[in-house]
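Here, each number is a calculation from the coordinates, and none is a lab measurement. None of the values given here were measured: they were computed from a predicted structure. Glycine also receives a Cβ, built like all others from the backbone with ideal geometry; neighbour counts cover every protein chain displayed.
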């Protein structure tokens, strides 16, 4: 049995991860810790597990791995605390709020022989997997352009505090698409130009909620530069049927392919309530948990590395620099 812990339920994805761990027959959610005692107690009760009184107590439960879902700015201290105490760490994205913190996380994991994986579940979306297969097979010919979106609603709480989140919509949503593009092409982002909007949907919140990025990727299986536009925004109104989307349209010399990672849904309409999208497709968080547990069981490196997290963060931070300076940033 693989023994797992969750460090903080600050990020809403922790609830999905906990539910999926409990659904995996080879895994057990042994204990959790949260610096918010009320939130931790509620989660421990909901998922029928032990609430650790502090981090030392959490790591005394003989864990094989820990999942870190704290505020973005706390990823570094929590990874540093877990490194060496467990063999495997899954850290929520983005890896950190600064490259200095991100590289420090890689360093401590290397020094303690700890495997660090990043939570990029979009890789486990069947439509995105199929797109990757088509691109890698050369069925689209030479791919040279892509249009991508990652829309959502503005999350509550600490997500709106730049000191805790490191940024708003651009920080939150750029990393998913960048990781997916790097993963399917083997290429790296070489140039970033961005326009970032603050107070588009929530004029009372001082954090960016919309961003339009232009990226250039080079190398890997690409035979020419791949020019990408990315709408990374919290632009969905509160009454929208779902939180958002992930879409990628890839254009090549031999064809075009468009995918929607969450297309598998039904829209439910009601006389008195807002429309709601009932998703019935593959659970990408569940597949992420299964992948993490498989790495632990097989004692192998994770499929998504800390280096992948650094590369995605690098692009998000470059986008903020570009928007402030109104110029192209080379990476």
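With a Förster radius of 51 Å applied to the beta-carbon distance between residue 328 and residue 269, the computed FRET efficiency rounds to 0.70. Remark: relative contact order (the chain) = 19 percent; criterion is Cα-Cα distance under 8 angstrom and separation of 6 or more residues. Using only the Cα atoms of the stretch 2-119, build the gyration tensor, take square roots of its eigenvalues as a ≥ b ≥ c, and label the shape rounded, prolate or oblate: rounded if a/c is under 1.5, else prolate if a/b is larger than b/c, else oblate. Here the stretch 2-119 falls in the prolate category.
Dividing the mean sequence gap of close Cα pairs (under 8 Å, 6+ apart) by how many residues the stretch 188-250 holds gives a relative contact order of 28 percent. Annotation: peptides 271-278, 254-261, 93-100, ranked by per-residue average of other Cβ atoms within 10 Å with the highest first, follow the order 93-100, 254-261, 271-278. In the stretch 2-119, Cα pairs under 8 Å separated by at least six residues give a relative contact order of 24 percent. Enclosing the Cα atoms of the chain in their convex hull gives a volume equal to 143 cubic angstrom per residue.
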